[in-house]
Amino acid sequence: MSASETAGSLAERPTGPPKEVTTWKTRIRWIYKLKGLTPFVAALLIWWLTWEIWQPHERILVSPAEVWSALVALVREGILSAYIEQSLKRLAFGVMVGVGVGVPLGWLIGLNRSLADASEPVLRFFNSVSGIAWLPLLILWFGFTERTITAIIVYTMLFPVLFNAMIGVRTVPDRLSQATRTLGAGRLRVVRDVYMPGSFPSVMTGVRLGIGFGWRALIAGEFVVGGGGLGFLIFNARTQGLISEIIGGMLVLGLLWLALDRLILQPIEQYTTVRWGLVRL
């Protein structure tokens, strides 16, 4: 066999894994990604079987098909998208204020040991008082207005973020700041290169907790105050006895929060945790 024939036969040989192996690997990968849907499918099946076997009154429980039809109708009318947008805008404003104020203030408090020790009981106290408990007082102050909803979201988000930012600074090992000072760094350089990056994992934990608490406070505020949003959608459906819209609104709430948490908050938290040394690769 000549050299050219040998080269041609080698070029015709497959260089990668067989196509069947690649196909099965792809299928297994997709199955692994979709395994998180198993609990939801099981819950949906239990819901449907319960409704089929029990056949409860429509004011107690409706079928999944009726809930789906109600959601489709709300989407077609533009109501659902408008309420989702309104709730997300309120939440986004709370995030901007809670993070924009809580993180810098938490850092400032954490940099002073005496101030941090004095502030910790106060911050723990306000963390333990749910934002929903402030609703009656906020209504007396601001009435049934947008300011009441905004205030309860900001309050509920601010203190977890502030507290965790302070704790993040206080838990940075002293040897890191001492080593940086030994190399000639000044106070501001130590804060920028040691305390701020070292506190990021704790800050992200506070942001994630704050947004979760703020989401619940937002829905409660929309329940009581009204003025649109997913909470208002559910509460308004209650007054009209529309069980399908109530359950549909609850499903949208849960799925929307799950999407926010898994697609945005969790990746950012994992990145900061790995980036700043709390996880060893």
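Data overview
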quantity	calculated
Distance between modelled label sites at Arg187 and Ala43, nm, 7 Å Cα→Cβ extension	5.1
Order of Phe223, Phe125 under a 10 Å beta carbon neighbour criterion, fewest first	Phe125, Phe223
In sequence order, calculated HN-Hα J values of the range 45-54 (Karplus, 6.51, -1.76, 1.60; Hz; x Gly/Pro)	5, 4, 4, 5, 5, 4, 5, 5, 7, 7
Cα-projected label distance for Asp261 with Leu111, points at 7 Å along beta-carbon direction, nm	3.4
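Read the figures in this text as sums done on the coordinates, not as results from a lab. It should be emphasised that the depicted structure is a prediction, and the values quoted were computed from it without experimental measurement. Quick reminder, even Gly has a Cβ in these numbers, built from the backbone with ideal geometry, and neighbours come from all protein chains shown.
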